[in-house]
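Okay, structure first, notes after.
The values are calculated or read from the model by the stated rules, or taken from the named source; none is laboratory data. All values derive from a computational prediction rather than experimental measurement. Cβ sites come from the backbone with ideal geometry, for glycine too, and all protein chains shown count toward neighbours. The accessibility values were calculated without ligands, DNA or RNA, using every heavy atom of the protein model including side chains. Shrake-Rupley method; radii C 1.70, N 1.55, O 1.52, S 1.80 Å.
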Amino acid sequence: MTVAPISALGTVRTVPIGNPGDLLDLLPGPGGLAWVTGGEGLVGWGTAARLELTGPDPFAAADAWWRELLAGTEVADDVGLPGCGPVAFGSFAFDGATGTSALVVPETVVGVRDGVWWLTTLGSGSAPVRQRAPRPPGDVRYGEGSRTAAEWTGAVAEAIRRIDRGDVEKVVLARDVVARADGPVDPRWLLRRLAAGYPGCWTFAVDGLLGATPEMLVRLEKGVATSRVLAGTLPRTAGGGAALARSAKDLSEHRYGVASVADALSRHCGPVEVPDAPYVLALPNVLHLATDVSAVVADGSTSLGLLASLHPSAAVCGSPRPAALEVIRAVEGLDRGRYAGPVGWMNAAGDGEWGIALRCAELDPDRPDRLRLFAGCGIVAGSDPEDELAESEAKLLPMREALRTAV
């Protein structure tokens with residue numbers, strides 16, 4: 001575990017401000033932090049404190065660090081909305097046993113909710129200034145990632161064999177694609193394109209991981225926890241929402257995801273409200289089966305405490321979870337890093353919003369012209385390897401489109 005020296009953040013001041021323009025236009029350069037949907041959310045820059053950690057329970061370690069950091073901090077909040085006061089942005093590894101997670105407390109945060117704007121500063125935090133438009137990355141070439149397409153479909157076939165013999169009910173397999181641009185990739189170029197193309201998703205940037213996720217793992221606000229479960233997918237070219245809603249394979253996959261989230265929330269909450277049937281969420285590239293789950297927290301858990309039970313859900317791992325994780329480690333052939341892990345933010349009370357890092361890319365810290373793009377598919381009985389490959393290609397479209405120089 002690597003920790004910036006623990007010390008109080010000093011005085012954290014949140015004040016109302018006038019509308020300074022689009023949130024993403026305020027980011028001063030690479031290294032900025034973002035969580036934006038529908039033009040609202042949070043952006044931040046500068047580093048007041050930072051935590052990197054590995055291990056099987058990163059959420060408990062992160063929670064302890066956050067509480068200690070806040071112990072001597074004075075907060076002056078003149079706005080009082082979620083996201084005001086001290087905020088930590090976070091991105092957690094899919095597999096804490098092997099991956100590295102990060103929390104970053106920015107020196108400056110600008111936020112907007114329901115048309116109300118605010119500025120939070122600490123340390124050498126600065127007022128927001130509209131920035132010059134980022135440069136496009138130039139032409140982008142794509143290459144195979146950890147596995148070729150043929151090798152990945154072979155892994156899917158192996159997962160299906162293990163499902164058929166009863167080892168596991170569902171397993172999610174991920175694949176990566178490498179992108180190389182003519183010039184350095186400015187994250188702000190990608191973020192602007194993603195936010196414009198997918199305004200109903202949560203556009204995020206945390207510690208070199210950026211994307212636009214359609215899936216909210218958990219939002220905790222004043223004791224109420226909500227989650228949007230996505231599982232079961234068709235490319236837009238493969239048929240309409242009615243076909244997806246009738247698909248036995250996709251409905252089966254979706255039920256595993258909903259049951260996983262409902263069971264995890266029930267350990268901390270009162271009755272969990274689950275709709276009788278999913279709805280179809282239409283995105284520009286794919287259709288998803290979606291269910292919104294909600295519950296009232298009964299044991300005082302913070303959002304990090306809920307994440308410890310929720311992650312990894314069946315939507316990104318499989319079911320039963322221990323068996324699915326064993327299959328992933330055995331056949332996937334990929335270091336996911338923080339892909340499919342929780343990403344988002346939390347405030348001093350432990351409330352926050354944590355999506356699943358999907359439709360995303362990981363910037364190479366040593367090669368600013370290189371990225372790794374990720375996609376994953378849920379495999380159940382009746383899955384077809386070639387269909388899953390086509391689905392993964394559809395899920396890569398948001399990042400591919402964001403990298404295009406032509407607007």
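Remarks
- Most to least accessible of 366, 384 (protein chains only, probe 1.4 Å): 366, 384
- Förster radius 41 Å - calculated FRET efficiency between residue 165 and residue 22, Cβ distance, rounded to 0.05: 0.20
- Placing unit charges on the Cβ atoms only, positive for Lys and Arg and negative for Asp and Glu, gives region 48-159 a dipole magnitude near 540 debye about its Cα centre.
- Helices in the chain, meaning DSSP H runs of at least 4 residues, each add -39500 (n - 2.57). Divided by all residues, the mean residue ellipticity at 222 nm is -8000 deg cm²/dmol.
- Area accessible to solvent at residue 236, 1.4 Å probe radius, in Å²: 110
- Placing unit charges on the Cβ atoms of the charged side chains and taking the dipole of the chain about its Cα centre, the candidate lying farthest along the positive direction among 197, 245, 96 is 197.
- Local electrostatic count, residue 359, Cβ distance below 10 Å [Lys/Arg +1, Asp/Glu -1]: 0
- Cross-link partners of residue 222 among aspartates and glutamates, defined as those whose alpha carbon lies under 15 angstrom from its own and excluding same-chain residues fewer than eight positions apart: 299, 351, 353.
- Difference of contour (0.36 nm per residue) and Cα-Cα distance, residue 141 to residue 393: 89.2 nm
- Residue 279 contributes an accessible area of around 80 Å² to the protein surface, as traced by a 1.4 Å probe with all chains present.
- Residues of type lysines that residue 249 reaches as a straight line, Cα spacing below 28 Å, ignoring anything fewer than 8 places off in the same chain: 170, 395
- Only Lys, Arg, Asp and Glu carry charge here, each on its Cβ (+1 for the first two, -1 for the last two); on that basis region 352-406 has a dipole of about 280 debye about its Cα centre.
- Taken about its Cα centre, the chain carries a charge dipole of roughly 600 debye when the Cβ of each Lys and Arg holds +1 and the Cβ of each Asp and Glu holds -1.
- For the chain, carbon and sulfur atoms together expose 51% of the accessible surface, with a 1.4 angstrom probe and every protein chain in place.
- Cα lying deepest toward the dipole's positive end in the chain, options 379, 314, 177, charges on Cβ: 177
- Probe 1.4 Å, protein heavy atoms only - accessible area per residue of region 1-104 in square angstrom: 39
- Kyte-Doolittle at least 0.0, axis length at least 20 Å by Cα - qualifying DSSP helices, the chain: 149-164
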